[in-house]
Amino acid sequence: MATHALRWSIVGCIGVMLCVGTGCTRSIELKPSSAELQPVESHSLANNERVPLVMDSFHLLRNGAPQNPSAEVERRILNKVQETRLFSTLIPLGAKPDSLGEKIVSARVTLDETIEPHSWLSAFKGIVLGGSMFLLSPFVDFEYDYAAKVGLELERWDGQVKRYEGISSGTVQYKLFGATPVMIDELKGHVTEACLTELTAQLVRDTTLYMASSAPVSNPGIRSVTVRAQRPSTTLPTRLTVPATTPPLP
């Protein structure tokens, strides 16, 4: 009897370990971008053709609600833009730059996040698993959806504005014991990287727009007006007609 009980105990322990091990698995799936990425031809710019880029504003929305953007996300965006080697230096938001010259590019960034943890469905599945004493945990999947849209607006020194946008989304499927903050961070990291890759690919295609020689420096507020002097009107003298008198005949 003792041997039989020991066997069942060992089988039970192995079953619990398998359930827990299988219940910790997770997988991440990225959905393809709506816009097909075309091959990008990189350009090597000379130092005198590269101008500074200055962060002007950074807005973060999460499910439509404004949030305080983190410095980590801003650094990630700037690092991705820096990899294009289009700009001489990148000034983060709020920094006081030194003299940068007359030609600079101002950047405005918008990050719109959409998070869907499927809370109601997860709660229902949790109740089912609780009633089955976790025996169904290896067979029940939970989902967490995350989508992001990164918008980049660049204003050139002459006032010309160009807008870029990168969109991506993904889903992580996990078992009951795989729900950790690390899982969510991994999903956000992959989706954000896909957005920035699409965005910088669009930016590189417009390399010539941000070269220092692409446009002269405009002087707003100075307007030249050409005034033409009117020629004075000349009045011709009026000729008087004097009637001629004929002398009488003798």
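All of the numbers you see were taken from the coordinates with simple rules; none came from a lab. Bear in mind the structure is a predicted one, so any value in this text is a computation, not a measurement. Using ideal geometry, Cβ is built from the backbone for each residue, glycine included, and neighbour counts are taken over all protein chains shown.
Overview of results
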| read-out | value |
| --- | --- |
| Over 22 Å between alpha carbons, listed pairs K96/K149; K149/K188; K80/K162; K103/K149 | K96/K149; K103/K149 |
| Estimated inter-spin distance, N68 and N47, nm [label 7 Å along Cα→Cβ] | 4.0 nm |
| Gain on full stretching of the segment that runs from E143 to K162 - 0.36 nm per residue minus C-alpha separation | 3.1 nm |
| Ordering of 78-89, 94-105 by packing [mean C-beta count within 10 Å, highest first] | 78-89, 94-105 |
